[in-house]
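Q: Here you go, one structure.
Read the figures in this text as sums done on the coordinates, not as results from a lab. It should be emphasised that the depicted structure is a prediction, and the values quoted were computed from it without experimental measurement. As a convention, Cβ positions derive from the backbone with ideal geometry for all residues, glycine included, and neighbour counts pool all protein chains shown.
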Amino acid sequence: MEPSPRKSRKPSAGPPVGQPEAPVFFIDRDTGGRVLAAALRPHGYQVELHGDHFDQATQDPFWIRRVSQRRWVILTCDRNIARKEPERSLFGTAPTHTFILYALSHIHREERVPLVLAVLPKLVALVSSQARHGIYRVHTSGQIEHVTGIKPKFRLEDF
């Protein structure tokens, strides 16, 4: 009888085969920055802040391109960002998910934390399910609405 082959005791370097990596959430400058990040990290969420990677004056198209290339999931409270060009086109064609925390733009930053924590499991599930990239509106009710009908005028490569 042959001895059974030895199995490595070394932990794997990534998620099990067939399971996507946990998303990295990029919090833009309008969403709550350090307050929100400090609340999300203890719950195991990976968070990157706009101010840690870009100057505050960085134009939206440039940070959108960089964040999209990294495949980070964008969280924003800027309701108008999806109405402006070239931002609308970029979000619509970028290889990432952008979640506009729709009703939170009028809520004080500290009050956003429990609302965001409540909806994040849904966002993670949506991203992990390989749902279509693009812009999603997230309502305070927890409803997530995919923004459709975007006719791109610009591409990431344009910036």
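Q: Quick one: net charge around residue 130, please, counting Lys, Arg +1 and Asp, Glu -1 for every other residue with C-beta under 13 Å from its C-beta. Numbers along the way, then the final one.
A: On the way: positive: 71, 132; negative: 21.
Overall, the nearby charge balance is +1.
Q: Can you list the residues, at least 5 places off or on another chain, whose amide H is less than 5 Å from the amide H of residue 47, using H built in the peptide plane?
A: Amide H neighbours of residue 47: 25.
Q: Also: For region 72-136, calculate the relative contact order in percent as a whole number, restricting contacts to Cα pairs under 8 Å that are 6 or more residues apart. Mind showing how you got there, number by number?
A: Details: 67 pairs, mean separation 28.4, N = 65.
Relative contact order of region 72-136: 44 percent.
Q: At q = 0.16, 0.26, 0.30, 0.32 Å⁻¹, what is the base-10 log of I(q)/I(0) for region 69-116 according to the Debye formula with one equal point scatterer per Cα and no solvent? Please give it to two decimals.
A: The Debye formula, applied to the Cα set alone, gives -0.49, -0.97, -1.11, -1.18.
Q: How large is ³J(HN,Hα) for each residue in region 40-49, as worked out from phi by the Karplus curve 6.51 cos²θ - 1.76 cosθ + 1.60 (θ = phi - 60°), to whole Hz, x for Gly and Pro?
A: In residue order, the calculated couplings are 7, 4, x, 8, x, 7, 8, 10, 10, 9 Hz.
Q: For residue 50, what charge total do you get from the other residues with a beta carbon under 15 Å from its beta carbon, if Lys and Arg give +1 and Asp and Glu give -1? Each step should come with its number before you reach the end.
A: Working: positive: 29, 34, 65, 66, 70, 109; negative: 28, 30, 48, 52, 55, 60, 78, 87.
Every neighbour counted, the sum reads -2.
Q: Give the calculated FRET efficiency between residue 132 and residue 21 to the nearest 0.05, with a Förster radius of 22 Å applied to their Cβ-Cβ distance.
A: Values: r = 18 Å, r/R0 = 0.84.
That gives a FRET efficiency of 0.75.
Q: Return a whole-number percent for the relative contact order of region 57-109, with Cα pairs under 8 Å and 6 or more residues apart as the contact set. Can you show the working numbers first?
A: Working: 55 pairs, mean separation 22.2, N = 53.
After rounding, I find 42 percent.
Q: Near the amide H of residue 30, under 5 Å away, which other amide H atoms are found, from residues 5 or more places off or on another chain, if H is placed in the peptide plane?
A: 77
Q: Could you give the length gained on full extension between residue 110 and residue 35, defined as 0.36 nm per residue of separation minus the Cα-Cα distance, in nm?
A: Details: separation 75, 0.36 × 75 = 27.00 nm, distance 0.68 nm.
Answer, rounded to one decimal: 26.3 nm.
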